[in-house]
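A.B. asks: This is the structure, below, for whatever I ask next.
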Amino acid sequence: MPEFGGHDGGHDADQPQPVTRVTIRPHDPRTGEEIDKAEVVKGYEYGRGQFVTFTPEELKALDVESSKVIDLEKFVPRGDLDPVYLDTPYYLYPDGPVAEETLGVIGAAMAEAGVVGLGRLTLSRRERMVAVEPCGIGMALFMLRAADEVRATQFGGVERDLDAEMVAIARAIIGQRTGSFDPTTYRDRYQEALRELIEAKMKGLTVEPREMAAPPPVIDLMAALKRSLAQEAPASKRLGAASKKVPKTKPDRRQPALLLPVSGGRKRKTEDAAERPTSAPRRRKRA
C-alpha cells in the first residue's frame with residue numbers, strides 16, 4: 001500500500017489535511033544531497049566504510065551456464081520432494097517447434113515415470129535450485145528453497161498414544177467436509193474489507209470497527225469433537241463403522257467448527273506458536 005506524508009500547515013483540525021505520496025530517492029546520508037540514479041553503482045561493503053564497486057560488465061562476466069539454460073541434473077520420485085521446499089511457480093513455454101517437441105517428449109516420459117527433474121537456474125543474480133514437472137500438456141517450474149532456508153521440524157520423536165474414539169470422530173468430520181479443490185471459492189476478506197474502507201472514506205462516511213468474537217477455549221477435546229460432529233449435516237451413509245458408535249449429542253451453537261486446542265487442561269510444554277506450527281494428530285499404531 002502506498003505511504004503518504006503531510007503536515008497540519010495551520011489548518012483547522014476538523015478539515016482534511018494536505019498529504020502527498022512519499023517517494024524514495026537516492027541521496028548522500030551525510031549531506032542529504034540527492035544523487036542522480038546514473039551515479040549509483042553496485043558494490044560490497046567488506047569493512048566499515050570500505051567498499052569495492054562493480055561495473056555492469058564485471059557482473060555480466062559472472063554469468064554461468066544456468067543463466068541461459070535449465071540443466072536437469074537428476075530425476076527423483078515426485079513424493080520425495082517435500083512441499084516445504086517449493087517456492088515460486090512458473091510455466092515453461094517453448095520458443096519454437098524443436099523446443100515444443102522436446103518439452104512434450106520429456107514431459108510424457110516424466111509423467112509415465114512419476115518423477116520430477118531437479119536442476120539449476122540463475123534469476124535476479126542468484127542461482128537457484130529448481131524442480132520441473134509435467135503440467136497437463138506443458139511443463140511447470142518451481143523455485144526451490146535452499147536447505148538453510150528451511151527450519152527443521154521440532155515435533156519430537158516420541159509417538160503419542162492417541163484416543164481411538166477421538167481419532168474416529170475426527171475422521172468422520174473430515175469425511176463429511178471432504179471435497180474437491182476449487183481456488184475460485186476462496187476470497188481475500190482482508191482486501192474486500194480494505195476496499196470497503198476506501199469507498200467509505202471517499203464518501204466521507206464514518207467506519208465503525210468490526211467486532212470479532214474470540215473462539216471459546218477448548219478444554220475437553222472429546223466434547224469439542226462431538227459438538228463439531230453434531231453441527232455437520234447428517235451423513236450417516238458416509239460414516240465408517242467406528243463413527244457410528246459415537247453417541248448422539250445435542251447441538252451446541254457456540255461451537256460451529258472443528259477447533260484443535262492450543263492450550264487445555266492437560267499439561268503441555270510451553271512453546272512459541274510462531275516457531276512450531278500445530279501438527280495434525282497421528283493415528284495410533286496397532287499391534
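The values are calculated or read from the model by the stated rules, or taken from the named source; none is laboratory data. This structure is a prediction, so every number in the text was calculated from the model and none was measured. Please note: Cβ atoms are built from the backbone with ideal geometry, for glycine as well, and neighbour counts cover all protein chains shown. These area figures cover heavy atoms from the full protein model, side chains too; ligands, DNA and RNA do not enter into them. Shrake-Rupley method; radii C 1.70, N 1.55, O 1.52, S 1.80 Å.
A.B. asks: Tally up the residues in the stretch 174-193 that are part of a helix (DSSP H, G or I), without any contact (Cβ under 8 Å) to a residue 12 or more places away in the chain and under 27 Å from ALA224 (Cβ atoms), please.
C.D. replies: Adding up the residues that qualify gives 3.
A.B. asks: Go through ALA280, ALA242 for me and flag whichever is exposed (fewer than 12 other Cβ atoms within 10 Å of the Cβ), modelled with pLDDT under 50 and either in a loop (DSSP other than H, G, I, E, B) or in contact with a helix residue (DSSP H, G or I) (Cβ under 6 Å, 6 or more places away or on another chain) (or both).
C.D. replies: ALA280
A.B. asks: Counting only residues that are under 21 Å from ASP63 (Cα atoms), in a loop (DSSP other than H, G, I, E, B) and not small (Gly, Ala, Ser), which one in the stretch 123-144 is farthest from the chain's Cα centre (by Cα)?
C.D. replies: By that ranking, first place goes to ARG125.
A.B. asks: Now a separate question. Sort through VAL132, VAL167 and tell me the only one that's touching a Gly at 6+ places or on another chain (Cβ under 6 Å) and open to solvent by less than 50 Å² (accessible area, probe 1.4 Å).
C.D. replies: On the way: VAL167 fails: touching a Gly at 6+ places or on another chain (Cβ under 6 Å).
Matching residue, one of VAL132, VAL167: VAL132.
A.B. asks: All but one of (1) assigned to a helix (DSSP H, G or I); (2) on the phi > 0 side of the Ramachandran plot hold for GLY104; state the number of the condition that does not hold.
C.D. replies: Exception for GLY104: condition (2).
A.B. asks: Now for a separate question. Among the listed residues ARG171, ARG151, ARG120, identify the single one that is over 15 Å from ILE70 (Cβ atoms), outside any helix (DSSP H, G or I) and either free of Cβ contacts under 8 Å to residues at least 12 places away in the same chain or not acidic (Asp, Glu) (or both).
C.D. replies: ARG151
A.B. asks: Let me ask you something else. I'd like the full set of residues that are part of a helix (DSSP H, G or I), surrounded by 10 or more Cβ atoms within 10 Å (Cβ to Cβ) and among the small types (Gly, Ala, Ser), limited to the stretch 30-80.
C.D. replies: Listed by number, the residues that qualify are SER66, SER67.
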